[in-house]
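Report on the following structure.
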Amino acid sequence: MNILKNKIALVTGSTRGIGRAIALRYAQEGASVIVNGLQSMDAAESVVKEIKDQGGSAIAVMGDVSVPEGVDHVIEKALEAYKRIDIVVCNVGKHEVFNALDTSLEDWEKMIRLNLTSTFLTCKKAAEVMKKQKYGKIITISSKMGMVGLGGSSAYCTAKAGVVMLTKVLGIELAEHGILVNGIAPGVTETQPTFDVFVRDPEIEVRMKKRTPLNRIGRPEEMAAAAVFLASDDSSYVNGTTLVVDGGWIANSDYY
């Protein structure tokens, strides 16, 4: 359908998992994509190659978007290549398990920086560009864990809850500039970190599926479909909200 034809999209943390799925789907819908990663240029170039092999346009830009200079670098390279940025997906994040009382200040600040500060910095820099254009779509990626508590994840849950609130506030502040800000809160999704947890403790997979009314784990492509909607003109009256894509996990009060 090419509903993102001629759009320029930056997807942070898009070398694997949900970010990769969003980058690929955006390209399929006609967008030119800036693929961002931190640790592996090979992984970023692999996504770019897949997009180009399908007839799309993409570049890879490495950079740490949890620090201002990293965000500046990524945005500058995107503008050098494509002159504007229409869509930004803030996908960088990481989940590590720490009980609250055992969490060091260093670990706490690391989780906040990776999951919340990275989103704030990316949104802020992207908004500067989009204000000049008088148009833009910013999409944050939080988590169902930013809406419900989960023991062992105090820092992560707090950071993702912050992303949900940041999305609301930016939706208010940026609307007058033609910029819409919305988010996606994925449920348990088929990514490598999820598989690693299931390998360590298969019972967790059983419990997660049982808690989910659809009785299965989500797919990255399903998160990408939501990201397409929020990036498209079909969401022209959606602003400051977070779309939960979790198979009904949060809605289910029957905790087995």
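The values are calculated or read from the model by the stated rules, or taken from the named source; none is laboratory data. Because the structure is predicted, anything quoted here is derived from the model rather than measured. All Cβ positions, glycine included, derive from the backbone under ideal geometry; neighbour counts span all protein chains shown. Note: areas computed on protein heavy atoms with side chains; ligands, DNA, RNA excluded. Shrake-Rupley method; radii C 1.70, N 1.55, O 1.52, S 1.80 Å.
Within the option set Ile75, Ile85, being at pLDDT 95 or above, part of a loop (DSSP other than H, G, I, E, B) and not acidic (Asp, Glu) holds for one residue only, Ile85. Pairs, please: C-beta under 6 Å, at least 6 apart or cross-chain, first residue touching a residue at least 24 places away in the same chain (Cβ under 8 Å) and in the range 1-27, second surrounded by fewer than 24 Cβ atoms within 10 Å (Cβ to Cβ) and of a type in the set (D, E, K, R)? So the pair list comes out as Asn2/Glu29; Ile3/Glu29; Leu4/Glu29; Lys7/Asp86; Ile8/Arg84; Ile8/Asp86; Ala21/Glu221.
Matching residues to (1) among the charged types (D, E, K, R); (2) over 16 Å from the mean Cα position of the chain (by Cα); (3) surrounded by fewer than 20 Cβ atoms within 10 Å (Cβ to Cβ):
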position	(1), (2), (3)
Ser46	no, yes, yes
Glu50	yes, yes, yes
Ala58	no, yes, no
Val61	no, yes, no
Val67	no, yes, yes
Val71	no, no, no
Ala78	no, yes, no
Arg84	yes, yes, yes
Lys94	yes, no, yes
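Per-residue answers, yes or no, for (1) surrounded by fewer than 19 Cβ atoms within 10 Å (Cβ to Cβ); (2) in a strand (DSSP E or B); (3) without any contact (Cβ under 8 Å) to a residue 24 or more places away in the chain:
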position: Ala126; (1), (2), (3): no, no, no
position: Tyr156; (1), (2), (3): no, no, no
position: Lys160; (1), (2), (3): no, no, no
position: Glu173; (1), (2), (3): yes, no, yes
position: Asn182; (1), (2), (3): no, yes, no
position: Val228; (1), (2), (3): no, no, no
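Against the definition (of a type in the set (Asp, Glu) and either in contact with a strand residue (DSSP E or B) (Cβ under 8 Å, 6 or more places away or on another chain) or part of a strand (DSSP E or B) (or both)), how does Asp107 come out, yes or no? Taking the combined requirement at face value, the residue satisfies it.
Out of the residues in the range 128-154 that are open to solvent by less than 40 Å² (accessible area, probe 1.4 Å), farther than 20 Å from Leu243 by Cβ and at pLDDT below 95, which is farthest from the chain's Cα centre (by Cα)? Before you say what the answer is, go through the steps one by one.
First, the residues of the range 128-154 that are open to solvent by less than 40 Å² (accessible area, probe 1.4 Å): 129-130, 136-146, 152-154.
Imposing the further condition that a residue be farther than 20 Å from Leu243 by Cβ reduces the set to 129-130, 152-154.
Subsequent filtering for residues that are at pLDDT below 95 retains 152-154.
Values: Gly152: 22, Ser153: 19, Ser154: 20 Å.
Within the range 128-154, the match that is farthest from the chain's Cα centre (by Cα) is Gly152.
In the range 205-226, of all residues being assigned to a loop (DSSP other than H, G, I, E, B) and touching a strand residue (DSSP E or B) at 6+ places or on another chain (Cβ under 9 Å), the one that is most open to solvent (accessible area, probe 1.4 Å) corresponds to Arg219.
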